[in-house]
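Below is one structure, written out as structure tokens; the observations come after it.
The values are calculated or read from the model by the stated rules, or taken from the named source; none is laboratory data. Bear in mind the structure is a predicted one, so any value in this text is a computation, not a measurement. Cβ placement follows ideal geometry from the backbone for every residue including glycine, while neighbour counts extend to all protein chains displayed. Quick note on the areas: whole protein, heavy atoms, side chains included, nothing else; ligands and nucleic acids left out. Shrake-Rupley method; radii C 1.70, N 1.55, O 1.52, S 1.80 Å.
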Amino acid sequence: MSLTLSWELNSDIHESPVNVTVVENNVNGGEEYTCVLGQARNATCADLVPGCNYTVKVDDLKGTVESSMFTSASLVPASPGKLNTNLCGVFEAPDVTLCWGPSEGCVDYYFVNVTQTGGEVVFSTQTSEGANSATVTNLTAGTEYNITIFAHSFNKSSASTLDTFTTQPSEPSRPLNFTVEVLGKKEVKLNWESPLYPNGLISDYTVCYRYKHYADQLYTKTNCTYKSVSEVTMIGNYLDLNLSLPFAGTFYTFSIAALNEMFTGKSVFVDARTHESTPGRVTGLYAQATNLTITLIWSRPAVPNGDIIKYELQWKKGENMMCLVVIKADTHSTRVPHGESCGSELPEPIDLNQVDVNYTITALEHFKDYDLWLMPFTAAGGGDFSELKQRTTETSPGPVGNLTIRDIGSTAINVTWTIPEINSGPTNYTAVARSTIPGQEHTARCEVEDYTSTGCKIENLREFWQYQVKVIAETKEGISVTKLSQPFYTEESTPGTPTSFQVQDLKDLTNACDAINVSWSEPNLLDRHANITQYVVQTVHHNDEVFTYTVDDPKPFSRHNSQFSLVYGGLKANRAYQLQVRLFITQLIGMYSLPSF
């Protein structure tokens, strides 16, 4: 750097040789520089140090007399260097230490101005003792700044040095004024403002939501997506985003967080509920049945799409009649329109969104299949229905009716009845004919397995025997009350052979002719087959003489064989006879011959 001097002489002083020298004042023993004289009372002092102060000596030699004049001069400092990012390159807000290349030469201090984009001064400082560094305070993270540096020396300022630096990003602050506008059943609009302190360049927003279907549930896990700034509608600092959701009538918690180059900021949260829609099916539906009732048990829908305010339960009775009950979530009596409950009891009100619900349908028929339909409702209407088929259980059947014994034969009968009024399930009928003869046990039976059967045939009965028939209906759950017939007799049939036939000769002394005593026993009990009222004894081949024996007190069911006898007289002496015994009931039944005698 050079220094140019000029001077003037008094008019009465003639020009004489001049010698100009300068000495640097900033250091002890400063070097002396000889200046080069010009043509017009001036001199140029070259190779001087910028920013330093010099003593200038002008020597005037007139003859042998030397006179000197002194003055001082300061040079303009050199411009500072750029920021030294190798030495001071960590720009971590809020306080950042900056350093720069020092100015060449002499510097008393540096003056630093820091501005944001747009020119607003955020920091100014003056260094001390020529230090080429400064700590800038209260800066914002992730922000670009302009810096202007001046070197000052002896009240002279250098030309400015311009540079830029950017503070390191840090976590952005929360977005501001976050609101949610519900647009419909499954759509919302999110509105917010940019963070007050972005602490960097905001490039994306994390948009998250979690939900629960019922207020008494826990939230599901959080669902998040990243939305770049270009995907968000932005007007100034105001942003909005339309978001599609999976469920209607659902409780949501929404959150927004800003992202810059390195960090994700803290989230801001807002709760909202979408508009209601019709619900999904109930869950866990099952039924328990008795012979006259069906109890349905279920849990509220997994996806209600709103508040469950009622259930409608329908079932079919007969071919054309539909039954209905309405189970409502309120404090008033449950309304069953037009008495369509078909005799079932009215349900009690339930709580809004009650977790578990049950209802018992009464006044049903035994062992019958029922189709049932259950539909949940929100304020938006009825949802998906659930269908279930359930059969009432078997039970002990009622007694048969109108028991009649028909077509009575000697060994078989037909038994008829009317079916029980209640169909209690797969029914077996058993008809048992039991002997009513004291001390003489005997049974025979017939069985049928069809509920609609109305009779069967009992065989292998005893001829002319007294019986009583009982009929029972049976399911696996039990048997009915017994239905008894009046006692009756089977028809008579051919009696069996008399027992103990004996003939004894007798002598009629008066007439001096022969006579015999005929004796016999009635057939055994199980061979009688009839009520035997008369025996006829007659000879064979000799004019068939007949002798009749009447039984005055027949005892057809006695365990002991009754003994009978008669005297057969008027026989010829020394003649062979053969007798026949005939047994009579209503008509001639049997005839038996004795050996000749």
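Based on what the data block shows, is residue 93 under 60 Å from the mean Cα position of the chain (by Cα), in contact (Cβ under 8 Å) with a residue 40 or more places away in the chain and surrounded by 12 or more Cβ atoms within 10 Å (Cβ to Cβ)?
yes
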Query raised in the report: Which numbered condition trips up residue 308, out of (1) among the hydrophobic types (A, V, I, L, M, F, W, C); (2) assigned to a strand (DSSP E or B); (3) closer than 29 Å to residue 378 by Cβ; (4) modelled with pLDDT of 95 or more?
Result: (2)
Report task. Looking only at the stretch 149-161, count how many residues are in a strand (DSSP E or B) and open to solvent by 30 Å² or more (accessible area, probe 1.4 Å). Result -> 4
**Report entry** Options 142, 119, 105; residue that is assigned to a loop (DSSP other than H, G, I, E, B) and over 30 Å from residue 195 (Cα atoms)
**Finding:** 105
Report summary line: Residue pairs within 8 Å by beta carbon, gap of at least six or interchain, first lying in the stretch 307-321 and under 21 Å from residue 287 (Cα atoms), second open to solvent by 40 Å² or more (accessible area, probe 1.4 Å) and basic (Lys, Arg), listed first then second, are 310/328
Query raised in the report: With 287, 258, 248 as the choices, which residue is open to solvent by less than 50 Å² (accessible area, probe 1.4 Å), in contact (Cβ under 8 Å) with a residue 24 or more places away in the chain and not in a strand (DSSP E or B)?
Result: 248
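Any idea which residue in the stretch 204-227 is most open to solvent (accessible area, probe 1.4 Å), counting only those that are part of a strand (DSSP E or B) and charged (D, E, K, R)?
Quick first cut of the stretch 204-227, residues part of a strand (DSSP E or B) only: 204-212, 223-227.
Right, trim to charged (D, E, K, R) and you get 204, 210, 212, 227.
Numbers: 204: 43, 210: 89, 212: 32, 227: 48 Å².
The selected residue is 210.
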Report task. Examine the stretch 228-236 for a residue that is in a loop (DSSP other than H, G, I, E, B) and surrounded by 18 or more Cβ atoms within 10 Å (Cβ to Cβ), and state whether such a residue exists. Result -> no
Query raised in the report: So which of 354, 440 ends up being open to solvent by less than 70 Å² (accessible area, probe 1.4 Å), in a loop (DSSP other than H, G, I, E, B) and at pLDDT 95 or above?
Result: 354
**Report entry** the stretch 443-477 - residue that is basic (Lys, Arg) and either touching a Lys or Arg at 6+ places or on another chain (Cβ under 6 Å) or in a strand (DSSP E or B) (or both) and, of those, nearest to residue 402 (Cα to Cα)
**Finding:** 470
Query raised in the report: Since residue 371 meets every condition but one in (1) in a strand (DSSP E or B); (2) within 26 Å of residue 557 (Cβ to Cβ), which condition does it not meet?
Result: (2)
Report task. Filter the stretch 122-139 down to residues that are of a type outside the set (Ser, Thr, Tyr) and in a strand (DSSP E or B) and give me whichever is surrounded by the fewest Cβ atoms within 10 Å (Cβ to Cβ). Result -> 126
Report summary line: Result of the Cβ filter at 6 Å on the stretch 140-164, keeping first residues that are without any contact (Cβ under 8 Å) to a residue 60 or more places away in the chain and partners that are among the aliphatic types (A, V, I, L, M), at least 6 apart or interchain, is 140/93; 141/93; 145/114; 148/162
Report summary line: Restricting the stretch 265-274 to residues that are surrounded by 18 or more Cβ atoms within 10 Å (Cβ to Cβ) and not polar (S, T, N, Q), the one farthest from residue 214 (Cα to Cα) turns out to be 265
Report task. For residues that are outside any loop (DSSP other than H, G, I, E, B) and buried (at least 16 other Cβ atoms within 10 Å of the Cβ), scanning just the stretch 412-429, find the one that is farthest from the chain's Cα centre (by Cα). Result -> 413
Requested in this report: Check the stretch 191-201 and report whether any residue there is in contact (Cβ under 8 Å) with a residue 12 or more places away in the chain, hydrophobic (A, V, I, L, M, F, W, C), closer than 30 Å to residue 81 by Cα and open to solvent by 40 Å² or more (accessible area, probe 1.4 Å).
Outcome: yes
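Could you tell me whether residue 272 is modelled with pLDDT of 95 or more and over 24 Å from residue 380 (Cα atoms)? Give the derivation first.
Numbers: modelled with pLDDT of 95 or more: yes; over 24 Å from residue 380 (Cα atoms): no.
No.
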Query - Scan of the stretch 394-411 for residues that are open to solvent by less than 50 Å² (accessible area, probe 1.4 Å) and either of a type in the set (S, T, N, Q) or not in a strand (DSSP E or B) (or both), ordered by number - result: 394, 395, 397, 398, 400, 404, 409, 410
Query raised in the report: Does any residue in the stretch 485-505 that is within 20 Å of residue 437 (Cβ to Cβ) come within less than 8 Å, Cβ to Cβ, of a residue that is surrounded by 16 or more Cβ atoms within 10 Å (Cβ to Cβ) and of a type in the set (Lys, Arg) six or more places away or on a different chain, and which pairs are these?
Result: 485/470; 490/462; 495/528; 496/528
Report summary line: Of the conditions (1) surrounded by fewer than 16 Cβ atoms within 10 Å (Cβ to Cβ); (2) closer than 24 Å to residue 532 by Cα; (3) out of contact with any strand residue (DSSP E or B) (no Cβ under 6 Å at 6 or more places or on another chain), the single one that residue 481 does not satisfy is (2)
Report summary line: The correct count of residues that are surrounded by 15 or more Cβ atoms within 10 Å (Cβ to Cβ), part of a loop (DSSP other than H, G, I, E, B) and modelled with pLDDT of 95 or more in the stretch 290-304 is 4
Report summary line: By residue number, the members of the stretch 162-181 that are open to solvent by less than 40 Å² (accessible area, probe 1.4 Å) and either in contact with a Ser or Thr (Cβ under 6 Å, 6 or more places away or on another chain) or under 15 Å from residue 269 (Cα atoms) (or both) are 167, 173, 175, 178, 180
Query raised in the report: Within the stretch 180-208, how many residues are among the acidic types (Asp, Glu) and in contact with a helix residue (DSSP H, G or I) (Cβ under 9 Å, 6 or more places away or on another chain)?
Result: 1
Report task. From (1) under 30 Å from residue 6 (Cβ atoms); (2) modelled with pLDDT of 95 or more, pick out the condition that doesn't hold for residue 111. Result -> (1)
